[in-house]
Amino acid sequence: MKILLLVSAFNGLTQRVYAELKQRDHWVSVEYACTKQQMEEAVTLCKPDLIICPFLKQAIPSSIWQRYLCWIVHPGIKGDRGPSALDWAIQRQLSWWGVTLVEAATDYDAGSIVGSKEFRLPATNKSTVYRHQVTEAAVELILAAIDQLQNKSYKSDPLDYSKPDVKGSWQPLMKQSQRKIDWQQDTTEKILAKLHAAESFPGVKDSINGRTYYLYNGYQEKKLLTNSNVLPGDIIAKKNQAVCRATRDGAVWITHLKQANMVEPQIKLPATAYLTDYLQQTPELFDHELPSYDPTTWQEIYYEENDHVGYLYFNFYNGAMSTEQCYRLLKAYKKAVTRPTRVLVLMGGSDFWSNGINLNTIEASSDSGLEAWENLKQINDLVEEITTTVNKVTVAALKENAAAGGVMLALACDIILIRDGVVLSPYYQHMGLYGSEYWSFNLPRRVGERHASQLMANCLPVLAAEAVSIGLADEILPAQEKVFLSSLAKVCTWYSHKKTTERLVLRKQRIYQLNQQLKPLRQYREEEERKMWQCFMSADSDFHQARKRFVYKSPLITTPTYLAIHRQAVKYWEEKPHIIKRMACL
Ligand code: COA
């Protein structure tokens with residue numbers, strides 16, 4: 001089918017839908033819903049069989065939905081409507097929620113229902129729920145409805161609140177006054193629910209030391225004891241750039257802040273970055289280099305061991321790895337390598353496996369070019385350490401999406417296992433970067449020169465199944481989290497059998513020695529870093545502009561032509577009439 005994705009951004013869900021549709025050989029094009037005129041123009045150019053809106057914040061013009069079948073993904077149960085669907089469900093601590101696929105209509109989310117799916121709502125961040133439960137349900141609904149369209153069994157049900165299974169209702173935009181934390185009254189559980197509901201955007205507005213901030217990413221602290229001198233809301237500790245605040249009945253960690261009420265746009269930063277002077281007397285806690293999992297507190301890095309297999313977790317916010325985080329991870333990795341295990345598995349985080357260097361902390365630095373350089377060298381040290389580990393088999397367990405340097409970090413491992421449905425973005429060009437993390441060594445080695453340059457140039461998402469088929473990953477494991485983890489344990493235990501480990505390690509040593517003779521590993525790094533220095537330091541480099549657009553979330557004004565296939569055709573036609581003729585024959 002010819003499908004147009006009309007979206008507010010090419011976000012994670014849209015990338016997944018895009019890749020799933022392409023995998024099923026549909027013709028897929030994307031248009032950012034920037035203006036009414038652009039949307040109408042896109043539809044006229046594309047003439048799609050179907051329009052899907054996995055993530056759309058504005059209304060579709062009636063001129064479009066009256067002529068074309070348009071499906072909208074709404075992250076709510078049947079009958080739920082409004083812009084804060086997940087926020088309300090999470091803040092109310094509901095135990096079940098859902099996703100509904102509706103046809104576009106005059107009123108928001110009020111069109112006929114194409115399908116709906118419910119799921120158990122975990123007590124966690126909105127962005128985590130969106131990236132997992134919502135994404136899985138939305139993809140399932142879309143694919144099922146397309147099947148129905150193709151086998152002519154498609155039907156949709158008008159929204160009818162008298163039906164017993166239509167339990168939702170209109171919910172207004174959630175305001176900051178409804179999100180506000182009452183530190184005197186709210187329990188830890190309630191505070192966490194408020195933080196979870198506001199996660200990613202907009203955050204919970206609150207004041208610290210007379211200044212107003214948005215708070216992000218809260219975790220419960222169960223060990224730290226408060227005393228009678230401490231008031232709810234007081235900061236009682238700091239650790240790894242996060243702050244711990246006392247509550248009426250315990251404490252919570254808040255890892256990130258963004259300054260509010262400012263004229264200039266602000267970015268999210270590790271909490272202590274905004275509070276350096278204020279926190280000088282605050283006790284600082286330090287994790288061990290390789291801490292075990294501790295469910296009573298917030299941890300970024302932790303380690304578990306089972307059956308000769310070590311599992312190293314690095315749950316960095318948004319998968320972004322700053323200089324300091326890379327340094328700590330490298331130290332933990334070095335320590336993990338000394339453990340008496342045969343296999344070391346890199347587990348990544350709970351939302352992303354890794355998204356490479358941290359663009360926010362780079363932006364916040366007084367010398368962004370230099371900070372980017374430091375961050376790059378630190379992540380490269382980590383990649384080098386993994387690539388040259390010869391006493392164990394290293395495994396990247398891609399349970400979550402990864403992008404840019406994060407994908408290349410995974411490629412440093414001997415074995416790459418990927419969860420079904422995971423989306424990889426193995427490219428840097430969108431950020432104006434040549435790329436590093438030894439991609440020029442590891443990527444062609446895995447997928448061949450031709451695929452490597454295509455992946456880097458196309459800037460398109462790669463779904464797990466495709467990743468395995470081109471050699472970017474080795475094996476696909478089931479999507480369901482529990483099944484993924486048990487399959488992972490089984491596969492890794494198999495790799496940990498003495499003979500298997502010895503064979504793999506020997507093979508790795510041979511490949512490494514051979515490569516050293518052909519072109520030493522250092523040379524790849526030097527070549528990449530020379531080019532990256534240019535990207536970071538030269539005044540006319542695209543990196544600084546691209547980074548600013550990304551971190552300040554500048555409004556999109558046009559769809560890039562690599563996504564808007566319908567516009568590519570026009571561009572080619574204007575420039576090269578013969579190409580469009582050839583495309584028409586396909
Ligand atoms: N540094 C800092 N923040 C990052 C980041 C990075 N490298 N990668 C992602 N993020 C943040 C985003 O700003 C966003 O923050 P939010 O909490 O304010 O929402 C959050 O992670 C999710 O990213 P978003 O872009 O909304 O998610 P997505 O699923 O639509 O797209 C990516 C995911 C990874 C494809 C996209 O975020 C991306 O391109 N990241 C940059 C990767 C990169 O260029 N890294 C540097 C070179 S190694």
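Taking a Cβ cut-off of under 10 Å around Thr559, the surrounding Lys, Arg, Asp and Glu residues balance to a net charge of 0, with basic ones at +1 and acidic ones at -1. Quick one: net charge around Lys167, please, counting Lys, Arg +1 and Asp, Glu -1 for every other residue with C-beta under 11 Å from its C-beta. Value of the local net charge: -1.
Can you pull out the GluC sites (Glu not before Pro) in the range 260-346 whose DSSP state is coil and whose Cβ has at most 14 other Cβ atoms within 10 Å?
Numbers: sites: Glu284, Glu289, Glu300, Glu304, Glu305, Glu324; in loops: Glu289, Glu300.
The qualifying sites are Glu289.
Fully extending the segment from Cys34 to His288 would add 86.6 nm, taking 0.36 nm per residue of separation and subtracting the current Cα-Cα distance. Once you order the gyration tensor axes a ≥ b ≥ c over the Cα atoms, which shape class does the range 285-364 get: rounded for a/c under 1.5, otherwise prolate or oblate by comparing a/b with b/c? Because a/c hits 1.5 or more and a/b exceeds b/c, the range 285-364 counts as prolate. For the range 448-487 versus the range 361-409, the spacing of their alpha-carbon centroids is 19 Å.
How long are the semi-axes of the equivalent ellipsoid of the range 137-291, taking √(5λ) for every eigenvalue λ of the Cα gyration tensor, in whole Å from largest down? List each step's numbers first, then the result.
On the way: eigenvalues 334, 68, 59 Å².
Those come to 41, 18, 17 Å.
Looking at the range 42-81, which trypsin sites (Lys or Arg not before Pro) are in a loop (DSSP not H, G, I, E or B) and have at most 15 other Cβ atoms within 10 Å? Loop-located and lightly packed - Lys57, Arg67.
Within the shell defined by Cβ-Cβ distances under 13 Å, the residues around Lys498 carry a net charge of +2, with Lys and Arg each +1 and Asp and Glu each -1. Taking label positions 7 Å along the Cα-Cβ direction at both Ser453 and Lys548, the computed distance is 3.3 nm, reported to one decimal. Helix screen, the chain: DSSP H segments with Cα axial length of 18 Å or more and mean Kyte-Doolittle hydropathy at least -1.0 are 135-150, 323-337, 368-387, 481-495.
How high is the relative contact order of the chain? Use alpha-carbon pairs under 8 Å, at least six apart in sequence, and give a whole percent.
Values: 1115 pairs, mean separation 58.9, N = 586.
Across the chain, relative contact order equals 10 percent.
One chain, two ends: Lys222 and Ile470. Fully extended at 0.36 nm per residue, the span grows by 84.7 nm beyond their Cα-Cα distance.
What relative contact order, as a whole-number percentage, does the range 351-402 give when Cα pairs under 8 Å and 6 or more residues apart are counted? Mind dumping the intermediate values first?
Working: 26 pairs, mean separation 30.6, N = 52.
In percent, rounded to a whole number, it is 59.
Between Lys57 and Met262, the simple spin-label model (points 7 angstrom out along Cα→Cβ) gives 1.9 nm. So if I take the centroid of the Cα atoms in the range 42-106 and the same for the range 167-213, what is the distance between those two points in Å? Rounded to whole Å, the Cα centres lie 25 Å apart. Assuming R0 = 45 Å, can you tell me the calculated FRET efficiency for the pair Glu118 and Glu527, based on Cβ-Cβ distance, to the nearest 0.05? In this case the efficiency is close to 0.30.
From the helices alone, meaning DSSP H stretches of at least four residues, give me the mean residue ellipticity at 222 nm for the chain, per-run term -39500 (n - 2.57), in deg cm²/dmol to the nearest 500.
Details: 22 runs with 229 residues, N = 586.
Helices in the chain give a 222 nm mean residue ellipticity of -11500 deg cm²/dmol.
Label-to-label distance for Lys152 and Tyr108 is 3.9 nm, based on points extended 7 Å past Cα in the beta-carbon direction. Sorted largest first, the principal axis extents computed over the alpha-carbon atoms of the chain equal 68, 64, 50 Å.
Secondary structure note: in the chain, about 55% of the DSSP beta bridges are antiparallel. Taken per residue, the accessible surface of the chain reaches 46 Å², heavy atoms only and a 1.4 Å probe.
The values are calculated or read from the model by the stated rules, or taken from the named source; none is laboratory data. All figures in this text were calculated on a predicted structure; none of them were measured in a lab. All Cβ positions, glycine included, derive from the backbone under ideal geometry; neighbour counts span all protein chains shown. Note: areas computed on protein heavy atoms with side chains; ligands, DNA, RNA excluded. Shrake-Rupley method; radii C 1.70, N 1.55, O 1.52, S 1.80 Å.
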